[in-house]
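For reference, the structure is listed below as structure tokens.
The values are calculated or read from the model by the stated rules, or taken from the named source; none is laboratory data. What you see is a predicted model, and the numbers here were worked out from it, not measured in a lab. Here the Cβ positions follow ideal geometry from the backbone for every residue, glycine too, while neighbour counts run over all protein chains shown. Accessible surface is based on the protein model in full, side chains and every heavy atom, while ligands, DNA and RNA are left aside. Shrake-Rupley method; radii C 1.70, N 1.55, O 1.52, S 1.80 Å.
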Amino acid sequence: MTRHRDSAPSSRIPSTERAAPETFCTSGTSPTVHLIGVGQVGLEFLDLLAGSASFRLIAATDSSGTILKRDWLDPRAIARHKGGGRPIRELEGSDGIRTEVAVDVIDADIVVDTAPAEPLDVATARGDAALRRGGRLALASKAALCASVDRWLDAERPPRVGCNAVLGGTGVALLQELDELRAHGTSTAHCANATTTAIVEIVEAGGSIEDGIAHCDREGILEPDPELDLEGKDAAVKLALIAGILRGSPVDPASVDRPDVRDLDEAELRARASRGATTRLVGRVDANGALSLRFEELPRTSPLVAPWDRVVYSYELENGDTRLHIGAGVGPRGTAEALFRDVEALGAIGGAR
């Protein structure tokens, strides 16, 4: 039996129904939020936060500094400033608190970290600091969680770290079923790299791999370093992360053999499509715990076959049941919506401090 779980939608308030800033400010018991990283995902997250009266933004940090206001910061004002290409340090009242130490000196209920994961030790130190101070952590960086999965997800139940965004909008469903999957799961498979799926779709339609890469760039789904997608590094981290979450201990992504999408045979991709099949980059953890990542020919009816703007994670149980999680956390907006769902879930396990 297959149980299908779509990612939960954000409870975003339509613009015509958004709470006035006065309502937002006076919600003194609302959990406070510190946003680290105000790039594309961060800007989309600010838009979602501006439409919610459930949380109070009190700090925003980029590589130049931090703006802090203990009662309330206007997410729209921060977004306008950063959207205009200006650094946080140019905002009135900002200071020089750097990204790597901001969590140590700002006490927020929920830290939302969309900053780059490099250097990795700095990213993990930020997360450790947020949790050490008693806060909760919502992440966009899969690499940091992959390296810290034993400390961040297994320290307590429910976890104080959200993995919805790093798993493309399927992390909330995974954590809800994690104990069962650990006890009774046999294997897992996922198709979770939007870039390679989009490239395959472009080639199947008659384009080239380079056309597909250009399409991904226009859609904003390439990693800031495109090689992370093209060389399979991003997919390897996701596979190691899933394996680590299920095992309860970190798995090194470097142990995963990675295929390069540019090595695919375009004629073969189109031949598969002509006979009613398709190609996907599939990550698998088998019943013995072995990891594999490769481009596979799949029937169109496979539950792993989804369009590029969806990710699919499939978990097999020893009784023959399947848990199928499908998420739409792709691209800056989709990632921000998945991140906001993380914040909602984290807010539900405890109020403001």
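Residues considered: R56, R86, R132, R76. Of these, the only one that is open to solvent by 40 Å² or more (accessible area, probe 1.4 Å), out of contact with any Gly (no Cβ under 8 Å at 6 or more places or on another chain), in contact (Cβ under 8 Å) with a residue 12 or more places away in the chain and more than 20 Å from T170 (Cα to Cα) is R76.
If you check V285, V251, V256 for being touching a Gly at 6+ places or on another chain (Cβ under 7 Å), hydrophobic (A, V, I, L, M, F, W, C) and farther than 21 Å from I209 by Cα, only one passes: V251. Of the strands (runs of 3 or more DSSP E) contained entirely in segment 49-149, not one carries at least 2 residues that are farther than 14 Å from L35 by Cα. Suppose the filter is touching a Gly at 6+ places or on another chain (Cβ under 8 Å), of a type in the set (K, R) and either surrounded by fewer than 23 Cβ atoms within 10 Å (Cβ to Cβ) or closer than 22 Å to N288 by Cβ (or both); does R182 pass it? So R182 passes the test.
Put simply, of V251, V282 the only residue that is within 14 Å of T188 (Cβ to Cβ), touching a residue at least 12 places away in the same chain (Cβ under 8 Å), of a type outside the set (S, T, Y) and part of a loop (DSSP other than H, G, I, E, B) is V251. So, of the residues in segment 291-307 that are open to solvent by 50 Å² or more (accessible area, probe 1.4 Å) and not in a strand (DSSP E or B), which turns out to be nearest to S249 (Cα to Cα)? Out of the qualifying residues, it is P303. How many of the residues in segment 266-285 are among the charged types (D, E, K, R) and surrounded by fewer than 13 Cβ atoms within 10 Å (Cβ to Cβ)? Matching residues across segment 266-285 total 1. Would you check if S208 is of a type in the set (S, T, Y) and farther than 24 Å from T322 by Cα? Yes, satisfied. Report whether or not V105 is over 21 Å from the mean Cα position of the chain (by Cα) and surrounded by 23 or more Cβ atoms within 10 Å (Cβ to Cβ). It is false that V105 is over 21 Å from the mean Cα position of the chain (by Cα) and surrounded by 23 or more Cβ atoms within 10 Å (Cβ to Cβ).
Kindly evaluate S7 against the criterion of being touching a helix residue (DSSP H, G or I) at 6+ places or on another chain (Cβ under 8 Å), at pLDDT below 95 and among the polar types (S, T, N, Q). So S7 passes the test.
Summed over segment 254-265, the residues that are surrounded by 18 or more Cβ atoms within 10 Å (Cβ to Cβ) and in contact (Cβ under 8 Å) with a residue 40 or more places away in the chain give a count of 2.
Screening S94 against (1) in contact with a helix residue (DSSP H, G or I) (Cβ under 7 Å, 6 or more places away or on another chain); (2) surrounded by fewer than 16 Cβ atoms within 10 Å (Cβ to Cβ) leaves a single unmet condition, (2). Tell me, please, whether a residue that is in a loop (DSSP other than H, G, I, E, B), under 19 Å from A140 (Cβ atoms) and of a type in the set (A, V, I, L, M, F, W, C) can be found in segment 214-222. Checking segment 214-222: at least one residue is in a loop (DSSP other than H, G, I, E, B), under 19 Å from A140 (Cβ atoms) and of a type in the set (A, V, I, L, M, F, W, C).
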